[in-house]
Amino acid sequence: MSTGHIAVVGASAAGLAAVEGLRRFGWTGRLTLIGDEPHPPYDRPPLSKQLLAGDWTPDRLHLRTTEQLDALGLDLRLGTAATALDSATRTVTLADGERLVCDGVIVATGVRARTLPGGEGLAGVHTLRTLDDALALRGRLPEGGGARLVVVGNGVLGAEAAAVARTLGHEVTLVGAEPLPMARVVGDEVGQVLAAEHRAHGVTLLTAAVEGFEGSDGRVSGVRLAGGERLPADTVLVAVGSVPAVEWLRGDAALDTADGLGCDAYCAAAPGVYAAGDVARWDHPGYRRRLRVEHRMNATEQGMAAARNLLAELVPDGGERTPFAPVPYFWSDQYDLKLQAYGLLAGATRTEVTVEDGGTRRVVALYGDDERVTGVAAIGVPPRQLRALRALAATPTGWAQAQAVRDQAVAPVG
C-alpha cells in the first residue's frame, strides 16, 4: 500500500484515529491531515472541566507528542481550512486555493458552536468548543470568584461549565429552554437529580428564552430574557448546542449534508469518501436507524472504522468492509457526580428511574420502548455493575431482565 494519496480533513480525535488507523492497517502512501486550528490534535472533553477549572494546562490536552505525530509520516496542514470537496474526483480544495487530488478522503470536521444574535464582538460573550475558546473563558473565571456568569443553555456543556464556575466561587445563573439540566438527553427524573445538585451548590436555575444581550463600552453587562427580565452579567457562556461543520461540502450535490454528512453502515458517504466523529450521520445496523453521535469515544472508534473500511475499498485484497455498530457512550462530571450513559436515550417512549439514597447515592435510568431497553444512564454505580448495565444497551434487552440487572446495580453494599 505504498502508492496513492489519502487526505483526512479534521485534525480532531476522529481525524487522529483515522490517520493512525490507516498507518496501522498498512497504508504507506502519502497521508495528509488537515486542521483549521493551529493546534495539534487535542482532547475536547477536558475543555469544560479540567482546563476550565485551571487544573490542567493546555499541553496536557495534546493527544500525541510531537515525536508520535512525526512517526506517522504525515503531510500535516494545521491552521488550514478545507473549503470544498469534489467527491467524484476526490479533490479537496484548501483555503489558499491548493487542490489535493486524492485516492480517498475521510471527513472528520466535527461541529461548530451555535451562537445567538447580538453577541458578536461583545467582550465577555463566549462559546466553548475550541481550545482557544476555553482559554478565553478561563481568563474570565479566576479561582476565588468575583465574576457574574450567565450560562445560556442547560445541556451537557452548559451544566458542566456552570459546575466548574461555581466551584471556583463565581456567581452562576444557568438559563435553559428546558426546566431541568440535561433533561433533553437524560429525561426529567435524572434531570431533577442534577438540578438538586446545582441548587445545593448555589447555582440559580431559570427556565426562559434569551432575547439578547446588553452591553456598555463594547462589554457585556447583562442578558435579556424574553419575558423582559434582565440578568446582570459580566461574563456569558452561550452553550445552545452545535451544528455539523459541513458548509464546505455543500457545493457537492452528490453528498447528503442535511444533518452532518450522511453515510451508509460502513461510514461511506460516496465511493472513496468516508466520515467519522461528530460530523458523521450513518446507518447503525444494530439500532436500525441513522445516528449522529457527538461523543468522544465514538470519535476514536469511528475514525478507526472509517480508516479500515476505506482501505478495504481502495486496496486489492484489503479485506471486507465491516458495518460500524458501536454502543454509544458519554459521561458528564458535575461536582462530585459522574453520570455515565450507554446506548440510545433520546426518543425513548418508556423510562424507568431508580434512586438509592442510602449511604452512597446511586441512580440508574433505563430507556427504551414497550418491548426492550435500548439505553441506560447511571450515577454512583461501581464498575462491576456498570459493565452489566452497559451490556443491556449493547444487546437491547427485555424489560424484566433489565430490571433485575438494575436492581442489583442500585442495591446497597452490605
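Structural remarks
- Normalised contact order of the chain, rounded percent, pairs of Cα under 8 Å and 6 or more residues apart: 15
- If the chain linking T3 and V355 were pulled fully straight, counting 0.36 nm for each residue of separation and taking away their Cα-Cα distance, it would gain 120.9 nm.
- Classification of region 227-365 by its C-alpha gyration tensor yields an oblate form. The axis ratio a/c (a ≥ b ≥ c) is 1.5 or more, and b/c is at least a/b.
- GNM top mover of G119, G153, G139 - the chain, alpha-carbon springs below 10 Å: G139
- The mean sequence distance of close C-alpha pairs (under 8 Å, at least 6 residues apart), as a share of the length of region 336-410, puts its relative contact order at 31 percent.
- Max mean-square fluctuation residue, GNM over the chain, Cα-Cα springs under 10 Å, options Q385, Q68, Q192: Q68
- Judged by the ratio a/c of the largest to the smallest principal axis of the C-alpha gyration tensor, region 1-147 counts as oblate, that ratio being 1.5 or greater while a/b is no larger than b/c.
- Charged side chains reduced to their Cβ positions (Lys and Arg at +1, Asp and Glu at -1) give the chain a dipole of some 540 debye around its Cα centre.
- Under DSSP loop assignment and at most 13 Cβ neighbours within 10 Å, longest GluC sites (Glu not before Pro)-free interval of the chain: 1-97
- In nm, spacing of pseudo-spin labels at R60 and A388 (7 Å Cα→C-beta vector): 3.5
- Shape class for the chain, computed from the alpha carbon gyration tensor (a ≥ b ≥ c): oblate, with a/c not under 1.5 and a/b at or below b/c.
- Taking each residue as 0.36 nm, the span from A346 to A136 lengthens on full extension beyond its C-alpha to C-alpha distance by 72.4 nm.
- Calculated FRET efficiency for the pair D259/D369, C-beta based, R₀ 25 Å, to 0.05: 0.65
- Span-like helix ranges in the chain, DSSP H, alpha carbon extent 15 angstrom or more, Kyte mean at least -0.5: 13-24, 156-167, 188-200, 296-314, 383-394, 399-410
Only the coordinates and a few stated rules stand behind these numbers; no lab work does. Quick caveat, the model's predicted, so the values are computed rather than measured. For neighbour counting, all protein chains shown are included, and Cβ atoms are generated from backbone atoms with ideal geometry for every residue, glycine included.
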